[in-house]
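Notes for the one structure printed next.
The values are calculated or read from the model by the stated rules, or taken from the named source; none is laboratory data. A quick note: this is a predicted structure, and the numbers were derived from the prediction, not measured. Here the Cβ positions follow ideal geometry from the backbone for every residue, glycine too, while neighbour counts run over all protein chains shown. Note: areas computed on protein heavy atoms with side chains; ligands, DNA, RNA excluded. Shrake-Rupley method; radii C 1.70, N 1.55, O 1.52, S 1.80 Å.
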Amino acid sequence: MKLFTVGPVEMFPDTLEMSAKQLPYFRTPEFSEVMLENERLFKESICAPEEAKAVFLTASGTAAMEAAVINCFTKGDRLLVIRGGSFGKRFGEICRIHKIPFDEVKLSFREALTKEKLEPYRRKDYKGLLVNLHETSTGQLYDIDMLSEFCKENKMYLIVDAIGAYGADEIDFERQGIDELIVSSQKALALAPGAALIAVSGRIYQDRVLSIESGSLYLDFKQHIENMRRGQTPFTPAVGIFLSLNQRLRQMQRTGIKEINRDMHRLACRFRKEVVKLGFAVPEYPLSNALTPIVAEPHAERLYERLKEEYGMVVTPSGGELKTILVRVGHLGNVRWEDYEELLGAMEEVRHGF
Ligand SMILES: *Cc1c(COP(=O)(O)O)cnc(C)c1O
């Protein structure tokens, strides 16, 4: 089986080797050292300034999205959510459950987020914007500079779910004025699912986190940030994932995050050209480097099934109303051009059967 998914993805040999090893006990200076280095390298990889804090959760990405909301906003605030797919919808569900008022900028499939779409939401006293920088359910990459400017003009905090964008698309926490940035282990980091990383700006920490009752024990940032001063987490962390994270962050630093983004961009562009030659369509909206969405209406589900059953190649199927319309081919993790050549060959054969 070869994974062309968005998470879990094909892992690197170092990660696989590490996962077979006995885990150490974690309340030790040695493990603290690793976590402090994780914090430093993570912040460096997103260009976060010294005063930004890092929170390491043992949970999937959705818990980090929920934590980001409940630690910084209350029932007395109003939020704006970009809803361009299933992950945007999830931010709304989180607000609803926690009774935080919100409005949605809704996009239909194939619709790009533009300045005009944001226009009606200017000067409306929103406290913050919740956005999935790469809406992974469609592959759309939003214009972070446009959103950043919108937030500055309207005095809103900028909360970025970068789970689908980290390691694929350019991120500059400081320059883009991001207040919380969320990353999860199973996407570009190519680790096992179960760990999430959140960077918290100095200003949102001082002005919101410190004074807000999160209403949660496990997800409370105050405890996490206090513990991280000495490189520890309040509860037992996913020790193995955080050790592997250290390997990956070091490797990414050696290669350079810009180079990683650029290589993924090249690979994605090359793949998209070939996909179009096969007669499939790629949507027009701006795309993340993390994946290529392929319109194969009405055969998308069958394309996914046949690639998996007959060729052992797993692309990412879609859910809901996109189920028969879209498959997504991931460019994350340990995959190289030769793998895509094989995938394209298989796609061509399957397509002849439609
Ligand atoms: C994968 C992903 C998530 C996280 O989902 P989990 O299943 O909870 O890990 C959240 N947001 C985006 C944009 C994603 O791509």
Q | Simple spin-label estimate for ARG40 and LYS323 in nanometres, 7 Å along Cα-Cβ | A | 5.0
Q. If R0 is 35 Å, what FRET efficiency do you get for ARG302 and CYS269 from their C-beta distance, rounded to 0.05?
A. 0.85
Q | Loop sites in segment 214-288: trypsin sites (Lys or Arg not before Pro), DSSP, at most 14 other Cβ within 10 Å | A | ARG229, ARG230
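Taking a cut-off of 24 Å, what percent of all Cα-Cα pairs in segment 187-310 are separated by more than that? Provide the component values of the computation, followed by the final result.
Working: 4193 of 7626 pairs.
It works out to 55 percent of all Cα pairs.
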Q.
Taking θ = phi - 60°, what integer Hz values does the Karplus form 6.51 cos²θ - 1.76 cosθ + 1.60 yield along segment 127-143, in sequence order, with x for Gly and Pro?
A. 7, x, 10, 10, 9, 9, 3, 10, 6, 5, 6, 10, x, 6, 9, 7, 7
Q. So, with a 1.4 angstrom probe, what is the percent of accessible area on segment 18-88 that is carbon and sulfur?
A. 54
**Q.** Heavy-atom surface of segment 1-44, accessible at 1.4 Å and reported per residue (Å²)
**A.** 60
Q. For segment 1-60, which trypsin sites (Lys or Arg not before Pro) are both in a DSSP coil and crowded by at most 10 other Cβ atoms within 10 Å?
A. LYS21, ARG27
Q. Say a paramagnetic label sat at a point 7 Å from the Cα of ARG250, along Cα to Cβ; which residues of segment 1-42 have their backbone N under 15 Å from it?
A. 13-19, 30-42
Q: Would you work out which of HIS134, LEU57, ILE97 lies farthest towards the positive end of the dipole of segment 55-139? Charges go on Cβ: Lys and Arg +1, Asp and Glu -1.
A: ILE97
Q: Per DSSP H run of n ≥ 4, the term is -39500 (n - 2.57); total these for the chain, divide by its residue number, and report the mean residue ellipticity at 222 nm rounded to 500 deg cm²/dmol.
A: -12000 deg cm²/dmol
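I need the Kirkwood Rh of the chain: take the reciprocal of the average 1/r across all distinct C-alpha pairs and report it in angstrom. Kindly include the intermediate steps, with their values, before the conclusion.
Numbers: mean 1/r = 0.0480 Å⁻¹.
Roughly 20.9 Å, rounded to one decimal.
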Q.
Just the number please: accessible area per residue for segment 249-330, 1.4 Å probe, all protein chains included, in Å².
A. 51
Q: Using label points projected 7 Å from each Cα along Cα→Cβ, tell me how many nm separate LYS106 and ASP207, to one decimal.
A: 3.1
Q. Pulled fully out, how much extra length does the chain show between LEU23 and VAL314, if you take 0.36 nm times their separation in residues and subtract their Cα-Cα distance?
A. 101.7 nm
Q: Report, ordered by chain and residue number, the lysines lying within cross-link reach of LYS75, taken as a straight Cα distance under 25 Å and ignoring same-chain residues fewer than 8 apart.
A: LYS53, LYS89, LYS99, LYS106, LYS124, LYS127, LYS152, LYS155, LYS222
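Nearest 5 is fine: what % of DSSP beta bridges in segment 80-206 come out antiparallel, could you say? Provide the component values of the computation, followed by the final result.
Working: 7 of 21 bridges.
Approximately 35 percent, going by the DSSP bridge assignments.
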Q: Distance between Cα centroids, segment 168-243 to segment 322-352: provide it in whole Å.
A: 33
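Return the tail of the calculated pair distribution for segment 1-153, meaning the percent of Cα-Cα pairs more than 24 Å apart. Before the final figure, lay out the partial values.
Working: 5665 of 11628 pairs.
More than 24 Å apart: 49 percent of the Cα pairs in segment 1-153.
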Q. Over its Cα atoms, what ratio of radius of gyration to 2.2 N^0.38 Å does segment 71-163 give?
A. 0.99
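For segment 116-202, what is the per residue volume of the convex hull drawn over the alpha-carbon atoms, in cubic angstrom?
Numbers: hull volume 8.9 nm³, N = 87.
Residue-normalised Cα hull volume stands at 102 Å³.
What number comes out for accessible area per residue over segment 75-206 if the probe is 1.4 Å? Units Å², please. Numbers along the way, then the final one.
Details: 4880 Å² over 132 residues.
Per-residue value: 37 Å².
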Q. Are there GluC sites (Glu not before Pro) in segment 170-241 that DSSP puts in a loop and that have at most 11 other Cβ atoms within 10 Å, and which ones?
A. GLU213
